[in-house]
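S.K.: Got a structure for you, questions after.
A short reminder: the numbers here are calculations on the coordinates, not readings from a lab. This is a predicted model, so every value here is computed, not measured. Cβ coordinates were reconstructed from backbone atoms using ideal geometry, including for glycine residues, and neighbour counts include every protein chain displayed.
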Amino acid sequence: MRLEVTRRSELAVRAMIVLGGNQGRMKGAVLAQALGTTPAFVAQVVGPLVKAGWVRSDPGPAGGYAVHAALAEVSVLQVIEAVDGVVDSGVCVVEARACDRSAPCVLHFAWSRARAELVRALGETPLSTLAEATAADGGVVSR
């Protein structure tokens, strides 16, 4: 598991929050502007969200993106994994090898506990919690 969240995952979380606070469809260019990125990158970011069934994408002049799931039912971990894949890769954080309990690195046991706690916390945090925090900060989905 990485210690940082990728730009794609961060934008996907923010896109869900923006779309969740919007009534109706939102054009890709408008969503890109709200996220501070390009329409082409929005398409890459939203693609996995559409595939997961959380966002609806309607093509054409009257089309756009619309949230298709309740933010309370989608966790931060689910979005990250939809975009970047499973977060627990099993790779050692110290050495370029698989994490092996039989021959652990010096950080193996501490990292395993920390990773488990992080995954638990992300899995228990619904997007609605982040949306509420965003609304409390004046509705700005900061970068």
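S.K.: Sum up the charges of everything whose Cβ sits under 13 Å from the Cβ of Thr38, counting Lys and Arg as +1 and Asp and Glu as -1, but leave Thr38 out. If you can, show how the numbers build up before the last one.
M.R.: Working: positive: Arg7, Arg8; negative: none.
Neighbour charge sum, excluding Thr38 itself: +2.
S.K.: Kirkwood Rh, Cα Rg: Rg to Rh for the stretch 7-136?
M.R.: 1.08
S.K.: Taking 8 Å as the Cα distance limit and 6 or more residues as the minimum spacing, I'd like the relative contact order of the chain as a percentage.
M.R.: 29
S.K.: Show the residues, 5+ positions off or on another chain, whose built amide H is closer than 5 Å to the amide H of Lys27.
M.R.: Tyr65
S.K.: Scan around Val91 for amide H atoms under 5 Å from its own, H built in the peptide plane at 1.01 Å from N, and keep only partners 5 or more places away or cross-chain.
M.R.: Cys99
S.K.: With θ taken as phi - 60° and the coefficients 6.51, -1.76 and 1.60, list the Karplus ³J(HN,Hα) couplings across the stretch 51-61 in order, rounded to whole Hz; mark glycine and proline as x.
M.R.: 4, 6, x, 8, 10, 9, 10, 10, x, x, x
S.K.: What's the FRET efficiency of Gln33 with Glu73 using the Cβ-Cβ distance as r and R₀ = 30 Å, to the nearest 0.05? Spell out each step's value before the answer.
M.R.: Details: r = 27 Å, r/R0 = 0.91.
So, using R0 = 30 Å, E works out to roughly 0.65.
S.K.: Local charge sum around His108 (other residues, Cβ-Cβ under 13 Å, Lys/Arg +1, Asp/Glu -1)?
M.R.: +2
S.K.: Longest segment of the chain with no GluC sites (Glu not before Pro) in a DSSP loop having at most 15 other Cβ atoms within 10 Å?
M.R.: My reading of the result: 5-94 is the longest stretch.
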